[in-house]
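Presented below is the structure to which this report refers.
The values are calculated or read from the model by the stated rules, or taken from the named source; none is laboratory data. Just so we're clear, the structure is a prediction, and the values are computed from it rather than from any experiment. Positions of Cβ are generated from backbone atoms using ideal geometry, with glycine treated the same way; all protein chains shown enter the neighbour counts.
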Amino acid sequence: MSSRRPRPGGNGWLGVAFVAPQVLGVIVLGVVPFIFVIWYSFNEWRPLTGEMEFIGLDNYYRLVADPTFSASIIASLLFSAGVLVLNLVIAISLAVLLNRRMKGITGFRTIFFSPVVVSVVAWSVTWGFLLAPDGGINGALAILGIDGPNWLADPSTALISLVVVQVFKGVGMNMVLFLAALQSVPEEIREAAHLDGAGPWRSFRSITVPMIAPTILLTGILTTIGSLEVFAPVQLLTGGGPGDTTNVLPFFLYRTAFISQQFGYASAIGVVLFAIILALTMLQWTTRRRWVHDEV
Amino acid sequence: MSPKEYFMRATRSRGAAIALTGVLAVSLSACGGGGDSSASGPVDLKMALWSSNEDHLALLQEIGDAYTAEHGDEVASITFEPVTNPDYIAGLTTQIAGGDVPDLAWIPEASGPEFVDAGILHDVRDTLEGVDGYDLDDILPAALEPWQDDDGGVYAYPFSNSPFALYVNQDLLAAAGQPDVTTLVGTPEYTWATITDVAAATNGATGAAGLNVPTFTTTNWSAVTMLGNAWGAAPWSEDGATCEFASPEMVDYLTWYQDQIARGAIPAVSGNAAPAAFASGDVAFSVAQLSQSGSLDDSFEWSFLPLPAGPDGYHPIVGQAGVSVLERSEHQEQAAGFLAYLTNPANAELLSQFFPPPRASLLNVETLSQAAPKLTPEEIQTAIIDVVPEAQVKPQHPVLSQFTDKVRAGLDPVWAGGDVETAVTGICEQISPTLEG
């Protein structure tokens, strides 16, 4: 195999110069801090007193025995699964619906995309009003004669409420990606399937889905990562409650570091969160050959 | 692999390692801070603040400039830096973790005992006592108590000693056809039971919120549990070693609180959202501190009353903020000198135009009228001067931060109407090992 190292005087160095700022940024702001986080996770560190003591794997042993951590893992995985499924299903459905030439279609696409560019704080606060016991959603339900729950205080509805808030915030981005993917599916293939007697559902399942599978893979990975890193809606809407039902890992990490002042223990949570995200991403990546069209 | 290829790979790896080491070294030196380590000459002091109010900053800077003019050989400059993070302690912690340690800091009462216990704050008793005319004994003992240790050390000056009171929207009560509760103050009828009766009736008649605590969120649960003292309820024993959440008094109080939610006297808790502000005009009664009065205007008629009595009588409460010298400051001596100046009787009077003072000599209508110009002299007398000397600071605990989230999770079912005894028993099971230390 030939070496790809850039040759002095060639265009390779120009390429290196272009990517260098990005690579340097990733190293300084990503890799180096993460190395520090790993180091901190082996220490008991209280920054306000300046005390740092090496304690080996004690923070990790403590995590294993901490029931709040177990609850936090469950909350994170349930939240992530909910967001992943709901987001992709709605995004693909919207993309299919909006993938047609008709008057005003751009307006509909803009409406569904607009939450992506709204501040997450403003979005969460607005949903807080909607989900309040006497808020807009229960008001609408009352017109139908339904006594709505206290969405954010009821353990059976708090997590799903957060999932909905998160999904509608980000579904527009995935919708746009799926729209682009759908528009790259050759019309001739669909027409050929139609001539062979395939109905719309069969055509979608056997032609469209395999052709947009790379986009499903991409959006699946990005949505999984984003959902496991959720923080602001939890902070603003539920505070991790009721109980620990919405105490997802990033929120648990934040409270441990900045409220309990246990930076070492919080760093261990951060390392585990990284490992979970990495594992789920690798799982999706390594299984892509089985279900993604054209993957080798 | 040929020797040449091996060499190429090795040098590439080594180059990467050297580059990474260089980046680490730069980062470490950056993390290490680099405060002024000079041993002689005047120093630059820095104070971290929760408030970013321009008037507060201007007054502090004026006092700071006066100090540097008098003590230029010790202190060259004093800067006052608001910590803009929404969670002040989180912001301060991040700043300090990054190596930027202020010399003095505004410390909220919730962190007071914990910071004293953890050795984060510097003992300034000797400095304060050594200043002529400082008169440490003028500071109300109950106000100073959370900032002292068992050896008599003093770790902060509680510059804001603000009583909790009951704000009443008179217009809403009138619209609901309810009686004027201000006439009940000082009589046996002035109780939580009476107030919540009026609150429920006002809610029923107008749809407005009855009674709320604007600072209450599920993560700030102590804003509500503190009111249990009128039932004789406390979250833990005086020495902090025993959980008291499951005491009959606390069960009674929380059950009463649930009942008030159920009948509409108190709004239902919705996630971690804070209740409506009294200033919105859509709340009949609100439990808040004196400083809230600054945000009120003449858009509706309101009154400022002492907290009502409960089954265990009347128990006034104050919330505090202190100013401290940090143990990690490189200029403790100079910072303590400025703290003594900032909080001497003359400057304490200046500060009292914004913050209710902890000094007995300043507890008079004339001084307090500056901090709360919208209150009547009668309101200042009955809801502040008469109550502050006896008031207890909100219950705090030296390791509160380690178990506050367990209490939050345990109390969530209570706010949602769940079984109180089961909830509070669970809380004590969860936090007792931490309390027992």
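Whether a residue is closer than 16 Å to B:Val131 by Cβ, more than 19 Å from the chain's Cα centre (by Cα) and outside the structural domain of B:Gly294 (by TED's automatic domain parsing) was assessed, and B:Asn344 passes this test. Just one residue in the set B:Gly177, B:Gly204, B:Gly210, B:Gly186 is assigned to a helix (DSSP H, G or I), in the same structural domain as B:Phe304 (by TED's automatic domain parsing) and out of contact with any His (no Cβ under 7 Å at 6 or more places or on another chain); that residue is B:Gly204. Being without any contact (Cβ under 8 Å) to a residue 12 or more places away in the chain and over 30 Å from B:Arg125 (Cβ atoms) is a property that B:Asp259 has. Scanning segment A:257-296 for residues that are farther than 30 Å from A:Trp45 by Cβ and polar (S, T, N, Q) turns up A:Gln284, A:Thr286, A:Thr287. Flag not set for A:Ile146, criterion: aliphatic (A, V, I, L, M), under 22 Å from the mean Cα position of the chain (by Cα) and either surrounded by fewer than 23 Cβ atoms within 10 Å (Cβ to Cβ) or more than 14 Å from chain B (Cβ to nearest Cβ) (or both).
Of all residues in segment B:46-63, those satisfying the criterion of being in a helix (DSSP H, G or I), surrounded by fewer than 21 Cβ atoms within 10 Å (Cβ to Cβ) and in contact with a strand residue (DSSP E or B) (Cβ under 8 Å, 6 or more places away or on another chain) are B:His56, B:Leu57, B:Gln61. Within segment A:256-268, one or more residues are within 22 Å of the chain's Cα centre (by Cα), crowded, with 17+ Cβ neighbours inside 10 Å, in contact (Cβ under 8 Å) with a residue 24 or more places away in the chain and part of a helix (DSSP H, G or I). Within segment A:128-147, the residues that satisfy the criterion of being over 14 Å from B:Ala274 (Cα atoms) and part of a helix (DSSP H, G or I) are A:Leu130, A:Gly136, A:Ile137, A:Asn138, A:Gly139, A:Ala140, A:Leu141, A:Ala142, A:Ile143. Against the conditions (1) part of a helix (DSSP H, G or I); (2) assigned by TED's automatic domain parsing to the domain that holds B:Asp126, B:Ser293 satisfies every one except (2). The residues in segment B:254-268 that are within 13 Å of another protein chain (Cβ to nearest Cβ) and either surrounded by fewer than 18 Cβ atoms within 10 Å (Cβ to Cβ) or out of contact with any strand residue (DSSP E or B) (no Cβ under 7 Å at 6 or more places or on another chain) (or both) can be counted, and the count is 4.
Filtering segment A:56-86 to residues that are in contact with a helix residue (DSSP H, G or I) (Cβ under 7 Å, 6 or more places away or on another chain) and more than 25 Å from A:Gly239 (Cβ to Cβ) leaves only A:Tyr60. Out of B:Ser329, B:Ser303, one residue alone is of a type in the set (S, T, N, Q), buried (at least 19 other Cβ atoms within 10 Å of the Cβ) and assigned by TED's automatic domain parsing to the domain that holds B:Asp55. It is B:Ser329. Residues in segment B:107-124 that are of a type outside the set (Gly, Ala, Ser), touching a strand residue (DSSP E or B) at 6+ places or on another chain (Cβ under 7 Å) and closer than 17 Å to A:Gln261 by Cβ: B:Ile107, B:Pro108, B:Glu109, B:Phe115, B:Ile120, B:Leu121. The residue that is surrounded by the most Cβ atoms within 10 Å (Cβ to Cβ), counting only those in segment B:129-148 that are touching a helix residue (DSSP H, G or I) at 6+ places or on another chain (Cβ under 7 Å) and over 21 Å from B:Ile317 (Cα atoms), is B:Tyr134.
Take A:Leu217 and decide whether it is of a type outside the set (S, T, N, Q), touching a helix residue (DSSP H, G or I) at 6+ places or on another chain (Cβ under 7 Å) and part of a helix (DSSP H, G or I). Taking the combined requirement at face value, the residue satisfies it.
Consider segment A:149-184 and keep the residues that are among the polar types (S, T, N, Q) and closer than 19 Å to A:Val85 by Cβ. The one that is surrounded by the most Cβ atoms within 10 Å (Cβ to Cβ) is A:Gln166.
Can you tell me which residue within segment B:96-128, out of those that are aliphatic (A, V, I, L, M) and outside any helix (DSSP H, G or I), is surrounded by the most Cβ atoms within 10 Å (Cβ to Cβ)? For segment B:96-128, the residue satisfying everything is B:Ala105.
Summed over segment B:77-93, residues that are within 14 Å of chain A (Cβ to nearest Cβ) and either in a strand (DSSP E or B) or buried (at least 17 other Cβ atoms within 10 Å of the Cβ) (or both) total 7. Looking across segment A:233-253 at every residue that is part of a helix (DSSP H, G or I) and facing chain B (nearest Cβ under 8 Å), the one that is nearest to A:Ile277 (Cα to Cα) is identified as A:Gln235. Among the residues making up segment B:401-436, those that are of a type in the set (A, V, I, L, M) and either touching a strand residue (DSSP E or B) at 6+ places or on another chain (Cβ under 9 Å) or more than 7 Å from chain A (Cβ to nearest Cβ) (or both) are B:Val407, B:Leu411, B:Val414, B:Val420, B:Ala423, B:Val424, B:Ile427, B:Ile431, B:Leu435. From the list B:Val251, B:Val318, B:Val325, the one residue that fits, being within 14 Å of chain A (Cβ to nearest Cβ) and touching a residue at least 12 places away in the same chain (Cβ under 8 Å), is B:Val325. The set of residues in segment A:48-73 that are away from every other protein chain (no Cβ under 14 Å) and among the hydrophobic types (A, V, I, L, M, F, W, C) comprises A:Phe54, A:Ile55, A:Leu57, A:Leu63, A:Val64, A:Ile73. Within segment B:350-385, if we keep just the residues that are among the hydroxyl-bearing types (Ser, Thr, Tyr) and surrounded by fewer than 15 Cβ atoms within 10 Å (Cβ to Cβ), the residue that is modelled with the highest pLDDT turns out to be B:Ser361. Confirm whether B:Gly271 is buried (at least 18 other Cβ atoms within 10 Å of the Cβ), under 23 Å from B:Thr425 (Cα atoms) and within 14 Å of chain A (Cβ to nearest Cβ). Spelling it out, B:Gly271 is indeed buried (at least 18 other Cβ atoms within 10 Å of the Cβ), under 23 Å from B:Thr425 (Cα atoms) and within 14 Å of chain A (Cβ to nearest Cβ). Among the criteria (1) at the interface with chain B (Cβ under 8 Å from one of its Cβ atoms); (2) loosely packed, with under 15 Cβ neighbours inside 10 Å; (3) not aromatic (Phe, Trp, Tyr), the one A:Val32 does not fulfil is (2).
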